[in-house]
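Structure record follows, encoded as structure tokens.
The values are calculated or read from the model by the stated rules, or taken from the named source; none is laboratory data. Model, not experiment: these values are computed from the prediction. All Cβ positions, even for glycine, are placed from backbone atoms using ideal geometry, and neighbour counts span all protein chains on display.
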Ligand SMILES: Nc1ncnc2c1ncn2[C@@H]1O[C@H](COP(=O)(O)OP(=O)(O)O)[C@@H](O)[C@H]1O
Ligand SMILES: [Mg+2]
């Protein structure tokens, strides 16, 4: 019998107008079960993955991928920068190293406004103020802000005294740094920052960039061990260490990963229940068509034909369910992203919109798994159909 | 063995149940049917007519004995070969039409051809010609549940002969029909046997049907006799 005719037989067995209502209901429910299981898994992965990616993207948007610092919080200077630059130039994939000075300050904008903010000096283009801070200070590009710092130190006849500095600057642009925390900070040129904090030559950390395609974790390990060797061999006073920037938030990503695994297990169990349901549906459909199989065998359907019809029924139900689940999850992710964005409290979650990213790898794995299990649960009805003689099947009412 | 014999069985034993409580239904049945011959197996209900037809039609393996279809030992081959033999040489008509409910009458008649691996077009052509012949072409696209008992049995007969089998086994083909329809079906069977020089083995306890056949055999105490 041609494969397409076997398919047609299997299809009519699981779904046709002449089927009993029970068969159609059982088929529909098992398709729906598999679809829900697959969709739940894919949608979960889409949004948990989307959340993790968005946070990672936000964190790396204004921070270079590699972070070089002095463990314990000690400061660095331009000399240290030079040392790191020369060491990094020997490491493939690292494209450049720059210094940063980052300190808290008091900022005021429109009359009556004042706020504490992190001020970061780096190789930026002019002065960019985070959008939340801009709103708080009621300023836009072109407005003036005042930055006050009490960190300045002056040595005078009275000894070391703290000196207030107040600097007036013009805002060049208002920026969205992706993460709530950064939107309450401002970024300006390194030289300006050093003037504000009276910290000539000083740096709080260094950042290194990598070329596209370079794994930041690998690059940071290479740089870190090179820095260590240099420190041990050169007898420098400061010991510098390098980690990938995201490793700062390693615990966050670990927690997110753990949560994702836990939820995946729960939803995978839903899928398993759906597949058990599918298995009982197949048994039921096999019972309803026991006599028909006897008739087909009387007409000369071979044992392998009987086996294949049973397997195809399983593939039809599972395949339809899986495809429906994939389609549904794809459409929902698209619709949520475009028309019903999930709003988050940015102060809690760092990002204000939860993005869904269709997880291709997960979707393929889930679908493959579903189809394999459908095949497996189809084998029992198939074998039991063959264990009966055609005569026995024909007498079955 | 004579070439004229399309079906023969020797010393067939069949029983149901386990060893301790077994019902012996056939106890050494013998039969031989020639080309074009229409034979009726007579016997009261429960005498084992269906059991005999299933054993002869290679649907249930007898405990003992041999069944030859066109000279081939039907139970001495593997399942695939036996299925092929059923497909090409044997046609079945059941008491309860046993049409496939999810398929139209035409699709039901096409089914043996599709099982043989023919294309849909080829099978559809044959099915239409046969539905025309048995007088229900106007019901071709109807489902079995939407047509009368007589029409169903006509479709079942068309399905049984669509592969031009050498022997058609019919288990009480008129058992579930009213007398008028029964008479029509009987007439159709006799005509089809005549036209195709096709052999029929009919299980029946209807004297009307039996009166028209070429030869009668009687099943009693698990054995076939030429007279009552
Ligand atoms: N599956 C079965 N299990 C046990 N006994 C059976 C089974 N099928 C038939 N029988 C018994 O075998 C005998 C012959 O049945 P059957 O061949 O159907 O007779 P008929 O077709 O002449 O009415 C009956 O006594 C019946 O009860
Ligand atoms: Mg019977």
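Assorted remarks:
- For the range A:250-282, residues that are surrounded by 15 or more Cβ atoms within 10 Å (Cβ to Cβ) and within 30 Å of residue B:102 (Cα to Cα) total 7.
- Residue check, residue A:49 away from chain B (no Cβ under 14 Å), touching a residue at least 40 places away in the same chain (Cβ under 8 Å) and part of a helix (DSSP H, G or I): yes
- Qualifying positions in the range B:16-38 - within 16 Å of ligand 2 (Cβ to nearest atom) and without any contact (Cβ under 8 Å) to a residue 60 or more places away in the chain: B:16, B:23
- Test: residue B:2 is modelled with pLDDT of 90 or more and more than 14 Å from every other protein chain (Cβ to nearest Cβ): no
- Checking residue B:15 against (1) more than 9 Å from chain A (Cβ to nearest Cβ); (2) in a helix (DSSP H, G or I), the condition it does not meet: (2)
- Any hit, the range A:262-282, residues being within 14 Å of chain B (Cβ to nearest Cβ) and closer than 30 Å to residue B:118 by Cα: no
- Enumeration of residues in the range B:39-86 that are under 12 Å from the mean Cα position of the chain (by Cα), within 9 Å of chain A (Cβ to nearest Cβ) and more than 16 Å from ligand 2 (Cβ to nearest atom): B:58, B:86
- Meeting the requirement of 1 or more residues that are closer than 30 Å to residue A:19 by Cα and more than 16 Å from ligand 2 (Cβ to nearest atom), the helices (runs of 4 or more DSSP H) wholly within the range B:139-228 are B:149-161, B:179-196.
- Members of the range B:108-133 that are more than 8 Å from chain A (Cβ to nearest Cβ) and either out of contact with any helix residue (DSSP H, G or I) (no Cβ under 8 Å at 6 or more places or on another chain) or surrounded by fewer than 21 Cβ atoms within 10 Å (Cβ to Cβ) (or both): B:118, B:121, B:122, B:124, B:125, B:126, B:128, B:129, B:132, B:133
Matching residues to (1) outside the structural domain of residue A:352 (by TED's automatic domain parsing); (2) assigned to a strand (DSSP E or B); (3) surrounded by 14 or more Cβ atoms within 10 Å (Cβ to Cβ):
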site: A:79; (1), (2), (3): yes, no, no
site: A:87; (1), (2), (3): yes, no, yes
site: A:90; (1), (2), (3): yes, no, no
site: A:111; (1), (2), (3): yes, no, no
site: A:119; (1), (2), (3): yes, yes, yes
site: A:125; (1), (2), (3): yes, no, no
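- Within the range B:11-20, the set of residues being closer than 19 Å to residue B:60 by Cα and more than 9 Å from ligand 1 (Cβ to nearest atom) comprises B:11, B:12, B:13, B:18, B:19.
- Residues (touching a residue at least 60 places away in the same chain (Cβ under 8 Å), under 18 Å from residue A:305 (Cα atoms) and not in a helix (DSSP H, G or I)) located in the range A:361-397: A:388
- So residue B:214, is it within 16 Å of ligand 1 (Cβ to nearest atom) and either more than 28 Å from residue B:81 (Cα to Cα) or within 14 Å of chain A (Cβ to nearest Cβ) (or both): no
- Residue that is modelled with the highest pLDDT [pool: residues in the range A:14-46 that are within 14 Å of chain B (Cβ to nearest Cβ) and out of contact with any helix residue (DSSP H, G or I) (no Cβ under 6 Å at 6 or more places or on another chain)]: A:24
- Considering residues of the range B:95-107 that are away from ligand 2 (no atom under 16 Å from the Cβ) and closer than 17 Å to residue A:20 by Cβ only, the residue surrounded by the most Cβ atoms within 10 Å (Cβ to Cβ): B:99
- Selection of the range B:23-38 for residues being away from ligand 1 (no atom under 12 Å from the Cβ) and either in contact with a helix residue (DSSP H, G or I) (Cβ under 6 Å, 6 or more places away or on another chain) or within 14 Å of another protein chain (Cβ to nearest Cβ) (or both) yields only B:38.
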